[in-house]
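Report on one structure; see the data block that follows.
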Amino acid sequence: MLTALLVMSAIALALGAALGYSAIRLKVEGNPLVDKIDAILPQTQCGQCGYPGCKPYAAAIASGEADINRCPPGGEEGIRKLADLLGVEFKPFGNETAGPKPKSVAFIDENVCIGCTLCIQACPVDAIAGAAKQMHTIIASECTGCELCVAPCPVNCISMVPLPQTPQTWKWQYPVYTLAPVK
Amino acid sequence: MRALHHFHGGIHPEEHKLESSGLPIARAPLPQRLTLPLQQHLGSRAKAVVQAGDRVLKGQLLARAEGEMSAAVHAPTSGLVLSVDLGAVPHPSGLPDLCATIEPDGEERWIERATLDFCALPKAELLVRLRDGGIVGLGGATFPAHLKFDLKPAQAIRTLVLNGAECEPWITSDDRLMRERAAEIVQGIEILRHLVNPAETLVGIEDNKPQAIAAMRQACANTGIEVAAIPTLYPTGGEKQLIKVLTGKEVPSGGYPLHIGVLCSNVATAYAVHRLVNCGEPVISRLVTVTGNVRTPQNFEALLGTPIEDLTKLAGGALPGSADYILGGPMMGLHTSNGRLPVVKSTNCIIVKSPQLFPPLPPALPCIRCTRCADACPADLQPQELYWFAQARNFDKIRNYHLFDCIECGACNYVCPSHIPLAQYFRFAKSEIRALEHESAAAALARERYEFRQMRIERDKQEKAEKLAQKEKAALAARQPAAAPVAPQDSSTQARIQAALERAKAQAAAVTPKNMDALTPQQQAEIAEIEARRARARELAQAQDIPHNSNNAD
Ligand code: SF4
Ligand code: SF4
């Protein structure tokens, strides 16, 4: 009886020590959950969720502070993925959050631009090229469509242009066909 | 006789080959307008090098290959470029794309046609010529030939397979080509053999084309090229399926024939290579079968850009009760109602539809999991499972079932007793997955750029803070001169500088100018003048020294 007790407690102690050691030794840098959530977010960095970028929103979701339905560019698909990851129910977009818009890129009317650099400072992904008193232009392939450059422009020369659909970007639709009534 | 193998599944749809295979190839006359889409190949669109108003010659470059995967587009006849603008193209989306429109002048004046001595040309140069000649896979896939035949040094090709199977119902263009132009095809094959240097070369032709087999056998006599008659079974013409039948080798899932030492190319592509290399003619025309509900189904050699309704008129016109067209075969082709669409490099067949020939499918029923589709699938997939996951948009799961091995052949649709359009689901799922991959790549780029920007802003802030701290320190120091006098330059440093200057001077003095003896008086005068100019310059520099320095300190 006593030997059994001793053996069991020895094992418990040894395992506990091993666990404690590995918890310190193999500590994961950063918060893996935040990174997983951030990987789902679209990285538009638009702040429409009420946080200053995708990573802060991911951190807020991870800490349970924010809901999963606040990212319009991610669309319902994004909410669904977040719900899957976190094991919670899908939640449609609330009233306070605008729904998703068609993907667009910013466009600078280069005749009107005065070269004030305000939009360059606003762009979260450095997708605007230009210098003080020089005309600015958008690098369309890098633009995430966050709209953050639109408001700061003092001469209102930036507009959002929806990306046109071309044969190159077109997708096959979900098949639609008639179903026979099932008796 | 070669031992043949079987691929999994396959079906026997009605062949309908005899309608159009009886008549010889006819040359289609010049149409009033030619519309050349700038994207007639897989990859990125070619870039136009002509503008509206330009006069072009037959075979002149209209658009050059742009980007890694692309191929050139040429003028099919001489005439005037009316526009380079959006126009209707044969694409399942029905969306317009960039096209060059040409009004023929009727003179058919060629550019200078230079033939190539392909044996003397380096292979890399020959590949560039293929790209600039607009050669793509003419079996329907339109994969640029210069990429297919671009082998890395480590890649050895054992077998070169020429695809003359033409397994889709109704189509007979390769059949007629092999019957009438076998010798030219073989010349093209020789060029491809030169490029890849295979141990064996096989031509696979379905046994429902005996004349084509005979013609090719005759043309291939004493060349070492073997012509194999293979059983008629849809889709033997699929690249992987044909390779399996001829060599018994399986292309691994997600891999290419290259990985097992095989390359596969269409016989029509070999013919086009021959025209380019031996005649100097880029791809400006192709054979098109016009069949279905027309009076006299036949094959035409049509210029690219010819409207499809012009060709149906040449075939005696559409019979009453016709509706719409199929471009390609009935199993994999593109259905359209627009008769103004142009013939492009992938258009091997135009079928005029009628409700009698192609009755509408009865309404679909739920899947009963009979697995007939799995029995028919030539890629050995489980279409009923793929369908289940595609319907649920479960794109992670569907990949595990090898969705991307599906060749969209439609064999599963054909056998399904519930008439479910399975292949449509697979196309949908594939394009969704591709779009998602594209999006996540864009998100990764955005994340990287965002993080870099954050890092940069942080760094700038720190640098500014440091500078400010230094300035404050300096200001503090200036206010208390006694406590910290502005350090005069260390005397030892100055001594060292002085020493270095002396040394340099001594060195300069030691060097005697060369070639100074035996100078003509004129040269001596010139040297003296130059010395004087130098001295003057030195003087000036010294005079400006002080203001110059103060400027610098500013
Ligand atoms: S053939 Fe049709 S009904 Fe049968 S398992 Fe396949 S999808 Fe289901
Ligand atoms: S369409 Fe795809 S899944 Fe259906 S039979 Fe063909 S390869 Fe198999």
(Q) Please pick out the residue among A:K36, A:K55 that is over 21 Å from A:P102 (Cα atoms), open to solvent by 20 Å² or more (accessible area, probe 1.4 Å) and within 13 Å of chain B (Cβ to nearest Cβ). (A) A:K55
(Q) Based on this model, can you work out whether A:L26 counts as open to solvent by 80 Å² or more (accessible area, probe 1.4 Å) and free of Cβ contacts under 8 Å to residues at least 40 places away in the same chain? (A) yes
Q.
Need the failing condition index for B:P366 against (1) more than 14 Å from chain A (Cβ to nearest Cβ); (2) in a loop (DSSP other than H, G, I, E, B); (3) surrounded by fewer than 21 Cβ atoms within 10 Å (Cβ to Cβ); (4) more than 16 Å from ligand 2 (Cβ to nearest atom), just the number.
A. (1)
Q) Of all helices (runs of 4 or more DSSP H) completely enclosed by region B:371-444, which ones contain at least 1 residues that are within 14 Å of ligand 1 (Cβ to nearest atom)? A) B:372-376, B:383-391, B:411-415
(Q) Condition first: in a helix (DSSP H, G or I) and facing chain A (nearest Cβ under 10 Å). Can you find one or more residues in region B:457-464 that meet it? (A) yes
Q) Can you list the strands (runs of 3 or more DSSP E) found entirely within region B:249-316 that contain at least 1 residues being surrounded by fewer than 20 Cβ atoms within 10 Å (Cβ to Cβ) and in contact (Cβ under 8 Å) with a residue 40 or more places away in the chain? A) B:298-303
**Q.** Tally, over region B:144-167, of residues that are within 24 Å of B:G248 (Cβ to Cβ) and not aliphatic (A, V, I, L, M)
**A.** 9
Q) Pick from A:C119, A:C149, A:C143: which is part of a helix (DSSP H, G or I) and either open to solvent by 80 Å² or more (accessible area, probe 1.4 Å) or closer than 29 Å to A:A59 by Cβ (or both)? A) A:C119
Q) In this structure, is B:A443 over 30 Å from A:Q165 (Cβ atoms), buried (at least 19 other Cβ atoms within 10 Å of the Cβ), of a type outside the set (F, W, Y) and not assigned by TED's automatic domain parsing to the domain that holds B:E168? A) no
(Q) For region B:133-175, which positions are among the hydroxyl-bearing types (S, T, Y) and in a loop (DSSP other than H, G, I, E, B)? (A) B:T142, B:T172
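Every residue, every condition in (1) more than 9 Å from chain B (Cβ to nearest Cβ); (2) touching a Cys at 6+ places or on another chain (Cβ under 7 Å); (3) farther than 24 Å from A:P124 by Cβ, yes or no:
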| residue | (1), (2), (3) |
| --- | --- |
| A:I138 | yes, no, no |
| A:V150 | yes, no, no |
| A:P154 | yes, yes, no |
| A:S159 | yes, no, no |
| A:Q165 | no, no, yes |
| A:K171 | no, no, yes |
| A:P175 | no, no, yes |
| A:A180 | no, no, yes |
Q.
If B:P360 meets every condition in (1) within 14 Å of another protein chain (Cβ to nearest Cβ); (2) within 9 Å of ligand 1 (Cβ to nearest atom); (3) open to solvent by 40 Å² or more (accessible area, probe 1.4 Å) apart from one, which number is that one?
A. (2)
Q: Read through the list (1) away from chain A (no Cβ under 14 Å); (2) more than 13 Å from ligand 2 (Cβ to nearest atom), then give the number of the only condition that B:A374 fails.
A: (2)
Q) Any idea how many residues of region A:39-52 are among the β-branched types (V, I, T) and open to solvent by less than 30 Å² (accessible area, probe 1.4 Å)? A) 1
Q.
Looking at B:R131, B:R64, can you tell me which residue is open to solvent by 40 Å² or more (accessible area, probe 1.4 Å), closer than 18 Å to B:V283 by Cα, under 21 Å from the mean Cα position of the chain (by Cα) and in the same structural domain as B:P282 (by TED's automatic domain parsing)?
A. B:R131
Q) How many of the residues in region B:219-238 are within 16 Å of ligand 2 (Cβ to nearest atom) and assigned to a strand (DSSP E or B)? A) 1
Q | Residues of region B:385-415 that turn out to be buried (at least 22 other Cβ atoms within 10 Å of the Cβ) and more than 9 Å from ligand 2 (Cβ to nearest atom), as a count | A | 2
Q) If B:R217 satisfies every condition in (1) open to solvent by 10 Å² or more (accessible area, probe 1.4 Å); (2) of a type in the set (K, R); (3) in contact (Cβ under 8 Å) with a residue 40 or more places away in the chain but one, which is the exception? A) (3)
Q. Of all residues in region B:346-357 being crowded, with 23+ Cβ neighbours inside 10 Å and assigned to a loop (DSSP other than H, G, I, E, B), which is farthest from ligand 1 (Cβ to nearest atom)?
A. B:T347
Q: For region B:1-54, enumerate the residues that are in contact with an Asp or Glu (Cβ under 9 Å, 6 or more places away or on another chain) and in a strand (DSSP E or B).
A: B:A26, B:R27, B:L34, B:P37, B:K47
(Q) So, A:D109, is that one open to solvent by 50 Å² or more (accessible area, probe 1.4 Å) and within 14 Å of chain B (Cβ to nearest Cβ) or not? (A) no
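The values are calculated or read from the model by the stated rules, or taken from the named source; none is laboratory data. In this text, all values refer to a predicted model and were calculated from it rather than measured experimentally. Positions of Cβ are generated from backbone atoms using ideal geometry, with glycine treated the same way; all protein chains shown enter the neighbour counts. Each accessible area value is taken on the protein alone, full model and side chains, heavy atoms only, with ligands, DNA and RNA left out. Shrake-Rupley method; radii C 1.70, N 1.55, O 1.52, S 1.80 Å.
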